[in-house]
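Report on one structure; see the data block that follows.
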Amino acid sequence: MNYSNKITEYKNNIETLREIESLEVYRWLIALGAKLNFDPLSEEKRIDENRVSRCQFDLFVDWEDGKFKAWSNAMIAGGYAYILLDIFNSDEAEKITIEQFEEIKLDELLTMNRKTGFYQMIEMMIKRIHDVKN
C-alpha cells in the first residue's frame, strides 16, 4: 500500500474514534505504541543523533534492516511513532511532505510537547529517507 492510502486510512480511523470519544484515540495510540516492542529499534541505534529531542520521554527513530524502526518508553509517543513508521515504510515514501500529516489531524489531539515531538520525528524521517534513497 502506498503512503497516501495509509495517510487516508489513519485519518479515517482518527475521525471515527473522535466521533465516539476523544479518549478512544488515546487508547488506540497506546495500543499501537505497544506494537513497537515487536520489532524495536536496536539499543545500538538509540543514540543522541536518532533521538527525538522535542519529546518529553525517550523516543528514537532510524533506518535499520531496510526500514524505519523506532523505540519509545512513552505510550502515546510510541503510538504516533508506530503510525509514522507504518506510513514511512510504505511505497513511494520519499514523496511524503510534512503538510500531508496535517490531513490526519492527529496533531490537534496532542499536547504541545507531543505535537512538537511528532513533527520533529516527521522531519527526521523525511531527511533520513532522502539520505537512504539517494
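Which pairs turn up if I take residues in segment 28-41 that are without any contact (Cβ under 8 Å) to a residue 60 or more places away in the chain and in a loop (DSSP other than H, G, I, E, B) and look for partners that are of a type in the set (A, V, I, L, M, F, W, C) and open to solvent by 50 Å² or more (accessible area, probe 1.4 Å) with beta carbon separation below 7 Å, at least 6 apart in sequence or on another chain?
Pairs that qualify, where the first residue is without any contact (Cβ under 8 Å) to a residue 60 or more places away in the chain and in a loop (DSSP other than H, G, I, E, B) and the partner is of a type in the set (A, V, I, L, M, F, W, C) and open to solvent by 50 Å² or more (accessible area, probe 1.4 Å), are 40/71; 41/71.
Which condition number in (1) under 25 Å from residue 97 (Cα atoms); (2) part of a helix (DSSP H, G or I); (3) not β-branched (Val, Ile, Thr) is the one that residue 24 fails?
The one condition residue 24 does not meet is (1).
Looking only at segment 40-75, which residues are open to solvent by 10 Å² or more (accessible area, probe 1.4 Å), small (Gly, Ala, Ser) and closer than 15 Å to residue 89 by Cα?
The answer is 66, and nothing else.
Does at least one position in segment 31-44 carry a residue that is more than 15 Å from the chain's Cα centre (by Cα), among the aliphatic types (A, V, I, L, M) and within 25 Å of residue 130 (Cβ to Cβ)?
Filtering segment 31-44 for residues more than 15 Å from the chain's Cα centre (by Cα) gives 38, 42-44.
Still in the list and also among the aliphatic types (A, V, I, L, M): none.
No - not one qualifying residue is present in segment 31-44.
Sort through 88, 57, 68, 118 and tell me the only one that's out of contact with any Phe, Trp or Tyr (no Cβ under 7 Å at 6 or more places or on another chain) and either touching a residue at least 40 places away in the same chain (Cβ under 8 Å) or on the phi < 0 side of the Ramachandran plot (or both).
57
For the subset of segment 92-130 comprising residues that are in contact with an Asp or Glu (Cβ under 8 Å, 6 or more places away or on another chain) and of a type outside the set (D, E, K, R), which member is most open to solvent (accessible area, probe 1.4 Å)? Break it down stepwise before answering.
Of segment 92-130, the ones in contact with an Asp or Glu (Cβ under 8 Å, 6 or more places away or on another chain) are 98, 101, 105, 115, 118-119, 128-130.
When the remaining residues are screened for being of a type outside the set (D, E, K, R), the result is 98, 101, 118-119, 129-130.
Working: 98: 46, 101: 1, 118: 2, 119: 36, 129: 3, 130: 72 Å².
Filtering segment 92-130 for residues that are in contact with an Asp or Glu (Cβ under 8 Å, 6 or more places away or on another chain) and of a type outside the set (D, E, K, R), the one most open to solvent (accessible area, probe 1.4 Å) comes out as 130.
Would you confirm whether any residue within segment 60-76 is aliphatic (A, V, I, L, M) and under 19 Å from residue 4 (Cα atoms)?
Going through segment 60-76, the residues aliphatic (A, V, I, L, M) turn out to be 61, 70, 74-76.
Still in the list and also under 19 Å from residue 4 (Cα atoms): none.
Checked segment 60-76: no residue is aliphatic (A, V, I, L, M) and under 19 Å from residue 4 (Cα atoms).
Would you pick out the residues in segment 76-91 that are under 14 Å from residue 132 (Cα atoms) and open to solvent by less than 50 Å² (accessible area, probe 1.4 Å)?
Matches in segment 76-91: 88 only.
The values are calculated or read from the model by the stated rules, or taken from the named source; none is laboratory data. Bear in mind that the values here come from a model prediction, so they are computed numbers and not experimental data. Here the Cβ is made from the backbone with ideal geometry for all residues, glycine too, and neighbour counts use every protein chain on show. Accessible surface areas use protein heavy atoms only, side chains included; no ligands, DNA or RNA. Shrake-Rupley method; radii C 1.70, N 1.55, O 1.52, S 1.80 Å.
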